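Colleague: Provided herewith is a single structure, encoded as structure tokens, for subsequent inquiry.
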Amino acid sequence: MIDPDPTGPAIEIRGLSKAFGRTAVLRKLDLEVPWGHVLAILGPNGSGKTTLIKILATLTRPDEGIVRVARLDASRSGSAVRRVNGVVTHDSLLYDDLTAYENLKFSCRMFQLDRIDERIDSAAERLGLSDRLRQRVGTLSHGMRKRVSIARALLHEPRILLMDEPESGLDQEALVMLERVVSEHAESSGAVVLTTHNVEHAMAIGSRMAILARGRVVYDESLEAVDTASVRAAYSLHTGHTGAAS
């Protein structure tokens with residue numbers, strides 16, 4: 001485990017660019033996330049949110065720019081960065097033929113963790129999964145699969161959580177659990193970056209908000225200084241979308 005440096009940011013991005021073929025997805029993006037903060041990134045489909053999460057998670061390499069995660073160069077220290085990060089992506093990346101418990105156990109072994117059953121039981125309890133651990137993932141609902149993915153991201157006690165639209169498919173009970181997990185993580189001096197296209201969800205779960213449009217950060221404010229109406233106005237101005245609940 002790498003302890004956070006209180007004098008530096010949890011995440012530091014400078015001049016980040018990424019293109020797929022001739023399509024530029026991220027363009028000279030600059031962003032910082034301090035320890036103890038929850039950064040909610042708003043943006044319509046195609047704005048670069050998922051690509052940004054994948055770069056921070058070392059699942060995709062940038063074309064240019066500097067990306068530091070917990071003081072580590074993401075391009076040069078991928079293995080160390082992956083131990084610092086807990087990642088929840090759109091695709092659950094779970095094995096349908098294995099039970100929830102077997103999927104979580106596999107992840108523990110990948111990280112060479114100790115106290116495997118203790119870790120699994122703790123994560124499952126936090127996400128309301130204790131009675132589903134012996135059920136094959138392929139038989140679970142989308143929302144339950146998402147809960148398993150979030151539980152998996154917590155197993156190795158990461159300092160940073162990266163979540164790509166984690167609220168997708170969750171019912172109200174699970175949304176409350178998600179908000180509690182995110183809040184507790186930030187309060188313990190961790191950091192969270194999550195993406196969403198829902199203004200209300202961003203306001204409820206974040207401490208800071210950034211709006212991503214056409215591959216650039218066009219808005220970055222503390223949520224203590226703004227209200228829902230002003231965020232909606234900024235979102236509409238910069239993206240042409242409403243950011244309405246889905």
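Colleague: Mind checking the angle between helix 116-126 and the chain's longest principal axis? C-alpha axes, 0 to 90 degrees, to the nearest 10.
Modeller: For 116-126 against the chain, the angle is about 60 degrees.
Colleague: Moving on. Any idea of the accessible area per residue across the chain, 1.4 Å probe, to the nearest Å²?
Modeller: In whole numbers, the chain has 47 Å² accessible per residue.
Colleague: Considering only DSSP beta bridges whose two residues both sit in the chain, what percent are antiparallel, to the nearest 5?
Modeller: Expressed as a percentage, antiparallel bridges in the chain total about 55.
Colleague: Okay, moving on. Sorted by mean Cβ packing within 10 Å, highest first, what order do the peptides 152-158, 17-23 take?
Modeller: 152-158, 17-23
Colleague: Can you give me the angle between helix 142-154 and the longest principal axis of the chain, using Cα atoms only, in degrees from 0 to 90, rounded to the nearest 10?
Modeller: 90
Colleague: How much length is gained on full extension from SER183 to HIS241, taking 0.36 nm per residue of separation minus their Cα-Cα distance?
Modeller: 18.1 nm
Colleague: Summing -39500 (n - 2.57) over the DSSP H runs of n ≥ 4 in the chain and dividing by its residue number, what mean residue ellipticity at 222 nm do you reach, to the nearest 500 deg cm²/dmol?
Modeller: Computed mean residue ellipticity for the chain: -10500 deg cm²/dmol.
Colleague: Straight distance only, please: which lysines reach the Cα of LYS54 with their own Cα at less than 19 Å, same-chain residues fewer than 8 apart left out?
Modeller: LYS18, LYS28, LYS146
Colleague: On to the next question. Please find the FRET efficiency linking ASP73 to ASP227, where r is the Cβ-Cβ separation and R0 is fixed at 41 Å, and quote it to the nearest 0.05.
Modeller: It comes to 0.60.
Colleague: What distance in nm lies between label points placed 7 Å from Cα along the C-beta direction at ASN45 and HIS90?
Modeller: 0.8
Colleague: If R0 is 25 Å, what FRET efficiency do you get for ARG109 and THR60 from their C-beta distance, rounded to 0.05?
Modeller: FRET efficiency, ARG109 to THR60: 0.50.
Colleague: Within the P(r) computed for segment 77-134, what percentage of the Cα pairs occupies the region above 13 Å?
Modeller: The answer is 67 percent, as a whole percent.
Colleague: With every protein chain left in place and a probe of 1.4 Å, what is the accessible surface of HIS197, to the nearest 10 Å²?
Modeller: 50
Colleague: Taking the chain on its own, what percent of its Cα-Cα pair distances exceed 35 Å?
Modeller: Counting every Cα pair in the chain, those more than 35 Å apart make up 11 percent.
The values are calculated or read from the model by the stated rules, or taken from the named source; none is laboratory data. Only a predicted model underlies this, so the values are computations on that prediction, with no experimental measurement involved. Positions of Cβ are generated from backbone atoms using ideal geometry, with glycine treated the same way; all protein chains shown enter the neighbour counts. To get the accessible areas, we keep the full protein, side chains included, count just its heavy atoms, and leave off ligands, DNA and RNA. Shrake-Rupley method; radii C 1.70, N 1.55, O 1.52, S 1.80 Å.
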